[in-house]
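Down below is the structure, laid out as structure tokens.
The values are calculated or read from the model by the stated rules, or taken from the named source; none is laboratory data. As the structure is a computational prediction, the values presented were derived from the model and not from experiment. Cβ atoms come from the backbone with ideal geometry, glycine included; neighbour counts cover every protein chain shown. Calculation scope for accessible area: heavy atoms of the full protein, side chains included, ligands and nucleic acids excluded. Shrake-Rupley method; radii C 1.70, N 1.55, O 1.52, S 1.80 Å.
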Amino acid sequence: MNTPIVELNNVSKTYSTAAGEFPALKNVNLSVNAGEFLGVVGKSGAGKSTLLNMINGVDELSSGEVLVNTGGQRVSVHHLTEDDKALWRGKTMGVVYQSFQLLPMLTLIENITLPMDLAGNFKPRESRQRALELLRLVEIEEHADKLPAFVSGGQQQRVAIARALANDPDILVADEPTGSLDSVTADHIFDVFSRLVAERGKTIIMVTHDMGLKSRFTRCLTLVDGDLQPEAQADAKPKRSRKK
Ligand SMILES: Nc1ncnc2c1ncn2[C@@H]1O[C@H](COP(=O)(O)OP(=O)(O)OP(=O)(O)O)[C@@H](O)[C@H]1O
Ligand SMILES: [Mg+2]
């Protein structure tokens with residue numbers, strides 16, 4: 001059997017707050033295969049952003065393990081040093097944050113060339129060309145030289161998606177990437193994601209509160225109060241016993 005590309009073993013995350021310990025994720029187990037477009041839906045506060053921050057190693061877990069298997073290398077994310085983790089993430093995983101997190105003093109195109117220049121996979125002229133192509137993909141290239149503050153939230157979101165794709169990562173994790181987009185743009189982004197999965201073999205893990213999006217994923221799981229719900233088996237419906 002193939003090794004999953006992303007594997008969570010008994011992952012828990014507890015936040016310490018003034019009011020005491022708050023368990024935001026409880027013993028989450030998850031296996032994601034390469035080429036899946038996995039959706040995780042849950043209400044506000046269910047732990048969706050926390051889950052993504054455990055997968056990409058942006059935040060520390062309280063217990064458990066996250067394994068990511070790309071390029072023939074299986075990495076235990078939370079055992080990497082901070083420097084190694086940042087390098088690893090830059091090459092392996094594109095991240096679309098819920099709050100975009102564009103750098104305000106850089107133009108839109110510079111926000112995309114920066115991670116490429118940091119990773120050093122592309123020459124400077126190539127990185128500008130590639131950034132323009134990515135901006136075209138999310139249909140915002142005419143604003144390439146503007147600062148983030150001069151475009152709308154939805155447009156910033158599209159730039160954040162383009163930036164996540166900058167280093168052509170195997171895995172994309174996206175936190176409500178269509179939450180601030182109008183339905184036409186959101187549809188377009190879904191098409192882009194679906195094509196990345198179907199044609200380029202990417203793996204996408206996306207979290208959203210919008211239950212209406214369930215059918216757009218190749219698999220969809222539900223998170224309730226930090227608990228990842230077991231998958232409903234298609235054949236688990238009780239068969240009606242017929243009395244003779
Ligand atoms: N840094 C933190 N310190 C303390 N509690 C936190 C912290 N971050 C999140 N929480 C709490 O953990 C729970 C899960 O938060 P999380 O942000 O993961 O939810 P979410 O599903 O992403 O919600 P939303 O849909 O509103 O973005 C919430 O109750 C939240 O208040
Ligand atoms: Mg969130």
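Would you pick out the residues in the stretch 64-94 that are more than 16 Å from ligand 1 (Cβ to nearest atom), under 15 Å from the mean Cα position of the chain (by Cα) and part of a strand (DSSP E or B)?
Result: 68, 93, 94.
Which one is nearest to the chain's Cα centre (by Cα), of the residues in the stretch 17-33 that are open to solvent by 70 Å² or more (accessible area, probe 1.4 Å) and at pLDDT 95 or above?
The qualifying residue nearest to the chain's Cα centre (by Cα) is 33.
Would you confirm, using the coordinates I've provided, whether residue 143 is open to solvent by 40 Å² or more (accessible area, probe 1.4 Å) and either at pLDDT below 95 or farther than 30 Å from residue 7 by Cα (or both)?
no
Scan the stretch 164-183 residue by residue and report those that are open to solvent by 40 Å² or more (accessible area, probe 1.4 Å) and on the phi < 0 side of the Ramachandran plot.
So in the stretch 164-183, the residues open to solvent by 40 Å² or more (accessible area, probe 1.4 Å) come out as 168, 170, 179-180, 182-183.
Residues satisfying the conditions are 170, 179, 180, 182, 183.
Output yes when any residue across the stretch 95-104 is within 27 Å of residue 6 (Cβ to Cβ), part of a helix (DSSP H, G or I) and within 20 Å of the chain's Cα centre (by Cα), and no when none is.
There is no residue in the stretch 95-104 that is within 27 Å of residue 6 (Cβ to Cβ), part of a helix (DSSP H, G or I) and within 20 Å of the chain's Cα centre (by Cα).
Pairs needed: first member in the stretch 152-176, within 16 Å of ligand 1 (Cβ to nearest atom); second member anywhere, in a strand (DSSP E or B) and open to solvent by 10 Å² or more (accessible area, probe 1.4 Å); C-beta distance under 6 Å; at least 6 residues apart or different chains.
Taking only residues 6 or more apart or on different chains, the pairs are 173/95.
Could you list, in sequence order, all residues of the stretch 105-140 that are surrounded by fewer than 18 Cβ atoms within 10 Å (Cβ to Cβ), of a type in the set (A, V, I, L, M, F, W, C) and outside any helix (DSSP H, G or I)?
105, 106
Of these, 90, 57, 20, which one is touching a His at 6+ places or on another chain (Cβ under 7 Å) and more than 16 Å from ligand 2 (Cβ to nearest atom)?
Values: 90 fails: touching a His at 6+ places or on another chain (Cβ under 7 Å); 20 fails: touching a His at 6+ places or on another chain (Cβ under 7 Å).
Residue meeting the stated conditions: 57.
Restricting the search to the stretch 146-158, which residues are open to solvent by less than 30 Å² (accessible area, probe 1.4 Å) and in a loop (DSSP other than H, G, I, E, B)?
Selection gives 151 alone.
Can you name every residue in the stretch 1-37 that is farther than 17 Å from residue 50 by Cβ and among the charged types (D, E, K, R)?
7, 36, listed by residue number.
Would you be able to say whether some residue in the stretch 187-196 is part of a loop (DSSP other than H, G, I, E, B) and surrounded by fewer than 18 Cβ atoms within 10 Å (Cβ to Cβ)?
no
Please tell me if residue 40 is under 16 Å from the mean Cα position of the chain (by Cα), away from ligand 1 (no atom under 16 Å from the Cβ), crowded, with 16+ Cβ neighbours inside 10 Å and at pLDDT 95 or above.
Working: under 16 Å from the mean Cα position of the chain (by Cα): yes; away from ligand 1 (no atom under 16 Å from the Cβ): no; crowded, with 16+ Cβ neighbours inside 10 Å: yes; at pLDDT 95 or above: yes.
For residue 40, the condition - under 16 Å from the mean Cα position of the chain (by Cα), away from ligand 1 (no atom under 16 Å from the Cβ), crowded, with 16+ Cβ neighbours inside 10 Å and at pLDDT 95 or above - is not met.
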